[in-house]
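**Q** I'd like to ask you about the structure that follows.
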Amino acid sequence: MLAVGTLAPDFTLPDQNGTPHSLSDYRGRKVVLYFYPRDNTSGCTKQACAFGELYPQFTERGAVVLGVSKDSVASHKRFEEKYGLPFTLLSDEDKSVIQAYDVWKEKKSFGKVAFGVVRSTYLIGEDGTILRAHGRVKPAENAEQMLAELDID
């Protein structure tokens, strides 16, 4: 994980519609940047739907929610449409942003070792600095946790 207090690496990635988004586009607003392994899996769906349900409360507080995975733009579009997700999903197929945010890690599952995205969330301040960094978050609890942290900062 990147250290709290450091400047969040800027990036530009396409969203579920193919429109490019840069982190620097959101200066002046808090950004909840969450990384997840894969569209349409049970944990990732729980997490995305929880952010979707609470999305009006994030926007009321002036915050932006951005979900990032290595899935394609087309996969993100299907995921968004299937679950009615109201926020931006960013496609990082070459894993450049995933690696820049230090969430591509060795994982063990059923005795097998492989690399993958560790479900992680960053809260980035209006000036682009990292205010909070959480690794190995719980999908069902992450959105509420981040909403609560918006009120702390």
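The values are calculated or read from the model by the stated rules, or taken from the named source; none is laboratory data. Keep in mind the model is a prediction, meaning the values are calculated, not measured. All Cβ positions, even for glycine, are placed from backbone atoms using ideal geometry, and neighbour counts span all protein chains on display.
**Q** Would you call residue 148 surrounded by fewer than 17 Cβ atoms within 10 Å (Cβ to Cβ), aliphatic (A, V, I, L, M) and within 15 Å of the chain's Cα centre (by Cα)?
**A** no
**Q** Separate question: Kindly list, by first and then second residue, each pair from a residue in segment 22-44 that is hydrophobic (A, V, I, L, M, F, W, C) to a residue that is loosely packed, with under 14 Cβ neighbours inside 10 Å, limited to pairs with Cβ atoms under 9 Å and residues at least 6 apart or on different chains.
**A** 23/10; 23/12
**Q** Output the residues belonging to segment 55-84 that are buried (at least 16 other Cβ atoms within 10 Å of the Cβ) and either at positive phi or assigned to a helix (DSSP H, G or I) (or both).
**A** Passing the criteria: 55, 58, 73, 75, 76, 77, 79, 80.
**Q** Counting just the residues of segment 35-54 that are out of contact with any strand residue (DSSP E or B) (no Cβ under 9 Å at 6 or more places or on another chain) and farther than 24 Å from residue 125 by Cα, which one comes out surrounded by the most Cβ atoms within 10 Å (Cβ to Cβ)?
**A** Here the residue is 45.
**Q** Taking segment 80-114 only, how many residues are among the charged types (D, E, K, R) and either touching a Leu at 6+ places or on another chain (Cβ under 7 Å) or under 13 Å from residue 37 (Cβ atoms) (or both)?
**A** Qualifying residue count, segment 80-114: 6.
**Q** Name the residues in segment 115-137 that are surrounded by 13 or more Cβ atoms within 10 Å (Cβ to Cβ), of a type outside the set (Val, Ile, Thr) and closer than 28 Å to residue 152 by Cα, would you?
**A** 119, 120, 122, 123, 125, 126, 128, 131, 132, 133, 134, 135
**Q** Which condition number in (1) within 14 Å of the chain's Cα centre (by Cα); (2) free of Cβ contacts under 8 Å to residues at least 24 places away in the same chain; (3) not in a helix (DSSP H, G or I) is the one that residue 106 fails?
**A** Of the numbered conditions (1) within 14 Å of the chain's Cα centre (by Cα); (2) free of Cβ contacts under 8 Å to residues at least 24 places away in the same chain; (3) not in a helix (DSSP H, G or I), the odd one out for residue 106 is (1).
**Q** Restricting to segment 1-55, count the residues that are more than 22 Å from residue 149 (Cα to Cα) and of a type in the set (Phe, Trp, Tyr).
**A** Going through segment 1-55 one residue at a time, the tally reaches 1.
**Q** Within segment 9-23, restricting attention to residues that are assigned to a loop (DSSP other than H, G, I, E, B) and touching a helix residue (DSSP H, G or I) at 6+ places or on another chain (Cβ under 6 Å), which residue is surrounded by the most Cβ atoms within 10 Å (Cβ to Cβ)?
**A** Within segment 9-23, the match that is surrounded by the most Cβ atoms within 10 Å (Cβ to Cβ) is 16.
**Q** Quick one: would you say residue 110 is among the aromatic types (Phe, Trp, Tyr) and modelled with pLDDT under 95?
**A** Taking the combined requirement at face value, the residue satisfies it.
**Q** Do we find that residue 26 is surrounded by 14 or more Cβ atoms within 10 Å (Cβ to Cβ), within 21 Å of residue 130 (Cβ to Cβ) and in contact with a Gly (Cβ under 7 Å, 6 or more places away or on another chain) in this structure?
**A** When the stated conditions are applied, residue 26 does not pass them.
**Q** Here's something else I'd like to know. Looking at residue 112, is it of a type in the set (Lys, Arg) and surrounded by fewer than 20 Cβ atoms within 10 Å (Cβ to Cβ)?
**A** Yes.
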